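Student: Structure below; questions to follow.
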Amino acid sequence: MNKQPPVIVVQLFHIKGPVPLSGKESTFYGASVTIGRNPTCHLRFPTDLTYISRQHAEIIREGNQFKLIDHSANGTFVNGKKIKEVYLKDGDVLMIGEGGPQVSFL
C-alpha cells in the first residue's frame, strides 16, 4: 500500500496590503509556500512593491509544525519581530518587508 504524504494546508488571511488581496484569504496546498514578487511564487505580490524581494520568504512543513524562513534583503517580521527562521503558530501576523503587507497565519 502506498502511503501518501499528508496534504498540507496553509491559510493566510490578508490583513493589510495591495487592494486585490486585502481582506481575502489565500489557501495553499503543498510541501512549501513561496512568498515574493517572482511570478513563480505561490503568494505573489505586485512587482512595483520593490521592498518585497523576488523570493522573499518561504513556509515549509516540518512534521506537525510550519516554519517560516526569510530569504529577503528587507526582512520578514512575525508579530513585530524581525526573523530569519521561526515556527509559526495559529494567529501569528507576518509582515512582508518593513511596513509591508500583513497576513495572519491560520
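All of the numbers you see were taken from the coordinates with simple rules; none came from a lab. Note that the structure is predicted; figures quoted are calculated from it, not measured. Glycine gets a Cβ as well: all are built from the backbone with ideal geometry, and neighbour counts include every protein chain shown.
Student: Ratio to report: Rg/Rh of the chain, with Cα atoms as the point set and Rh obtained by the Kirkwood method; give two decimals.
Tutor: 0.97
Student: While we're here: Ranked highest first by average number of other Cβ atoms within 10 Å, how do 22-33, 73-84 line up?
Tutor: Highest mean packing first, the order is 73-84, 22-33.
Student: Let me ask another. I want to check a number: in the chain, how many lysine pairs have alpha carbons closer than 21 Å, given a sequence separation of 8 or more or different chains?
Tutor: Taking the Cα cut-off of 21 Å, the pair count is 10.
Student: Would you tally the net charge around P18, using a Cβ to Cβ cut-off of less than 12 Å, leaving P18 out, and scoring K and R as +1, D and E as -1?
Tutor: On the way: positive: K16, K24, R37, R44; negative: D48.
Computed value for this residue: +3.
Student: About its Cα centre, how strong a charge dipole does the chain have in debye, to the nearest 20, once Lys and Arg get +1 and Asp and Glu get -1 at the Cβ?
Tutor: Roughly 80 debye for the chain.
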